[in-house]
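Heads up: the structure comes next, in C-alpha cells.
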Amino acid sequence: MSFPFLIFGGMNNNPKYILVTGGAGYIGSHTVVALSKRGYIPIIIDDFRNSNRDVLERISALVDQELIHFSISCQNKERLRGVFSQFPIWGIIHFAADKSVSESVENPLKYFDNNMGGLVSILELASEHEVNNFVFSSSCTVYGEPKKIPVDESFPVSHNSPYGYTKKVNEEMIEQFAASQSGFKSTLLRYFNPIGAHESGTLGEEPNGKPDNLLPYITQTAAGIREELTIFGDDYDTPDGTCIRDYIHVVDLAEAHVEAMNQLENPPTPIQVFNIGTGKGTSVLELVKYFEKNTGEKLKYKIGKRRKGDIPAIFANTEKAEKDLRWKSRLTVEDAVIDAWKFEQFIRNKRNRE
Ligand code: WQD
C-alpha cells in the first residue's frame with residue numbers, strides 16, 4: 001500500500017496521520033488547518049449534519065496538502081473501519097458531537113445517541129487498530145454551576161443539561177476505556193466559550209438557523225439578518241448585571257489541540273485534563289461594546305429575561321494548561337470580534353453569489 005501524502009509534512013520527516021472526527025465543523029475546521037501547518041496529515045471524517053460541504057474547499061485553500069476527507073457518520077463502524085484500514089492513523093481528535101445546550105434539553109435522546117454512540121464506536125475502532133493517542137473535545141459545562149471562579153481542573157464535575165451530562169460521561173468513558181487498554185493515552189480539553197474565525201475570514205461558525213450563541217447572534221444582527229439582540233438578563237450579581245464568560249479565540253483553541261497531540265508522544269500520565277480558556281471573564285455587555293468599538297457597527301439590542309439554565313459567571317484558571325501543556329491563548333476578544341465580523345461578511349457575499 002502506498003501513502004501519497006508522505007512527501008508532505010513541513011518540518012516533520014515522518015508525518016503522522018490524525019483522524020479528525022467533525023473536521024468540517026467550527027472548531028474541527030480550524031484544527032485541521034493548524035494540524036496541517038504543523039506537519040501532521042489530518043483525515044477529516046464528517047457527516048455534514050451540522051456543517052457545509054464547501055468548507056472542504058475553503059480548508060484546502062489554506063493548507064499545502066491535498067485534503068483527505070470522508071463523508072461518514074461516527075456511528076457507521078463499517079465505513080469507518082475502511083478508513084482505519086486504509087491509513088496508518090497515529091492519533092484521533094474526536095469533535096463530532098451535537099452541542100446545543102437548549103436543544104439537548106428538548107431532545108436528550110438525540111444527545112445520548114450521537115454523543116455517547118459516536119464515542120463508543122470511535123473507541124472501538126481505536127482499540128481494534130491500536131490507535132493509542134486520543135484528544136477529546138470536552139467542555140467547561142462539566143463544571144455545572146461552580147461554587148467559585150476561576151475554575152481549575154480539580155473542581156468537582158457536574159452538569160446542568162443533557163449536553164453537559166454527555167460530556168461528563170464521555171470523559172468518564174474515556175478514563176475507564178484507558179484503564180482497560182495498555183498504551184492508550186488521552187487528553188481531555190475542556191473548552192470555555194469558543195468565538196471568532198480564521199484571520200482569512202473564510203472559516204468560522206455557521207449556525208443552522210437562529211444562533212444559540214452570543215457572538216453569531218451579534219454578527220447576524222449587525223448584518224441585518226436578525227432584528228435585534230436580546231441580552232438575557234441584566235440583574236445577575238456581576239459588575240454590570242450581565243453574565244460573564246471566558247471567550248477563547250477559535251484559532252488559539254485549535255492550537256491547543258496541536259499541542260495536545262504533540263504531547264501525547266510522551267505524556268506524564270495516560271489521562272490529562274486541561275481547561276482551555278483565556279483566564280479572563282467578559283460580560284455580555286462588554287462583548288457587545290467590544291464588537292461596536294472594533295467594527296464601527298452600532299448594534300441594536302434590548303434587555304430581556306434571564307435564559308433558563310444560564311449560570312451567572314464562569315472563567316478558567318489556565319495555569320495547568322500553561323505549565324503542563326505549554327499552551328496559552330495569544331489572541332484577544334477584540335481579535336475575535338473583528339475576525340467573526342469578517343467571516344459574517346464573507347458568508348453573506350458567498351450566499352448572495354449562490
Ligand atoms: C453566552 C452568554 C447568554 C445569546 C456555550 C456553549 C456550550 C459550552 C459553553 C462548549 C450567556 C448570553 C446569548 C443571546 C445573550 N461550550 N446570550 N443573548 O451558554 O455560555 O454556552 O459555551 O461546550 O456548549 O453553548 O454560551 O454563547 O450561548 O451565551 O444574552 O442571544 O451570552 O445568556 O450569558 P454559553 P452562549
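All of the numbers you see were taken from the coordinates with simple rules; none came from a lab. From a predicted model like this one, the values you see are computed outputs, not experimental measurements. Ideal geometry is used to build each Cβ from the backbone, glycine not excepted, and the neighbour counts take in all protein chains shown.
Could you give me the ³J(HN,Hα) list for segment 340-352, computed from phi with Karplus coefficients 6.51, -1.76, 1.60 and θ = phi - 60°, whole Hz, x at Gly and Pro?
For segment 340-352, the Karplus curve yields 5, 5, 4, 5, 4, 5, 4, 5, 4, 4, 4, 5, 5 Hz.
Give the long-range amide H neighbours of Asp98: residues separated by 5 or more places, or on another chain, with amide H under 5 Å away, using H modelled in the peptide plane at 1.01 Å from N.
Amide H neighbours of Asp98: Asn115.
Beyond 25 Å, what share of the Cα-Cα pairs of the chain is found? Please give it as a whole percent.
52
Using modelled amide H (1.01 Å from N, peptide plane; none on Pro or chain starts), what sits under 5 Å from the amide H of Val135, excluding residues fewer than 5 places away?
Ile92, Ile93, His94, Thr187
Give the shape of segment 151-201 as rounded, prolate or oblate, defined through the alpha-carbon gyration tensor: a ≥ b ≥ c are the square roots of its eigenvalues, a/c under 1.5 means rounded, and otherwise the shape is prolate if a/b is larger than b/c and oblate if not.
Oblate, since a/c reaches 1.5 and b/c is not below a/b.
For Asp152 and Asn352, what is the calculated FRET efficiency with R₀ set at 35 Å and r taken between the beta-carbons, to the nearest 0.05?
0.15
Antiparallel DSSP bridges in the chain: what percent, to the nearest 5?
Numbers: 2 of 42 bridges.
Here the share of antiparallel DSSP bridges comes out near 5 percent.
Which net charge results for the neighbourhood of Ala197, defined as the other residues with beta-carbon distances under 14 angstrom from its beta-carbon, given Lys and Arg at +1 and Asp and Glu at -1?
-4
Order of 306-317, 94-105 by packing, highest average Cβ count within 10 Å first?
Put in order of decreasing packing, that is 94-105, 306-317.
How would segment 268-346 be classified by its alpha-carbon gyration tensor: rounded, prolate or oblate, with rounded meaning a/c under 1.5 and the a/b versus b/c comparison settling the rest?
Oblate.
Highest mean first, what order results for 32-38, 127-133, 182-188, 137-143 on Cβ atoms within 10 Å?
Working: 32-38: 23.4, 127-133: 17.0, 182-188: 18.9, 137-143: 25.0.
Ranking the peptides 32-38, 127-133, 182-188, 137-143 by packing returns 137-143, 32-38, 182-188, 127-133.
So how far apart, in nm, are the two label points at Asn262 and Arg49 if each is 7 Å from Cα heading toward Cβ?
Label at Asn262, label at Arg49, 3.4 nm between them.
Report the label-to-label distance for Ser180 and Glu292 in nanometres (one decimal), using points 7 Å from each Cα along the Cα→Cβ vector.
It is 5.5 nm.
So how strong a dipole does segment 218-348 carry about its Cα centre when Lys and Arg Cβ are +1 and Asp and Glu Cβ are -1, to the nearest 20 debye?
Values: 19 positive and 22 negative charges, 72 e Å.
Result for segment 218-348 is approximately 340 debye, rounded to the nearest 20.
Which of Trp327, Trp90 comes first, and how do the rest follow, when ranked by fewest Cβ neighbours within 10 Å?
Ascending number of Cβ neighbours within 10 Å: Trp90, Trp327.
At what distance in angstrom do the alpha carbon centres of segment 20-88 and segment 223-240 lie from each other?
35
Can you list the lysines whose alpha carbon sits under 16 Å from that of Lys302, skipping same-chain ones fewer than 8 residues off?
Lys289
Suppose every K and R has +1 on its Cβ and every D and E has -1 on its Cβ; what is the size of the dipole of the chain about the Cα centre, in Debye to the nearest 20? Write down the numbers at each step before the final one.
Numbers: 40 positive and 47 negative charges, 75 e Å.
Charge dipole of the chain: 360 debye, to the nearest 20.
With a point put 7 Å past each Cα toward its Cβ, work out how far Lys302 is from Asp237 in nm, to one decimal.
If labels sit at Lys302 and Asp237, their model points lie 3.0 nm apart.
Give the shape of segment 216-354 as rounded, prolate or oblate, defined through the alpha-carbon gyration tensor: a ≥ b ≥ c are the square roots of its eigenvalues, a/c under 1.5 means rounded, and otherwise the shape is prolate if a/b is larger than b/c and oblate if not.
Oblate shape, in that a/c is at least 1.5 and b/c is the bigger or equal ratio.
Below 18 Å, Cα to Cα, which lysines can Lys99 reach? Residues fewer than 8 away in the same chain don't count.
Lys110, Lys167, Lys168, Lys210, Lys308
Give a residue-ordered list of calculated ³J(HN,Hα) values for segment 145-151 (Karplus: 6.51 cos²θ - 1.76 cosθ + 1.60, θ = phi - 60°; whole Hz; x for Gly, Pro).
Along segment 145-151, the couplings run 9, x, 6, 9, 10, x, 8 Hz.
Taking amide hydrogens as modeled 1.01 Å from N in the peptide plane, which residues meet the under 5 Å criterion relative to Ile231, leaving out close sequence neighbours?
Lys302, Ile303, Gly304
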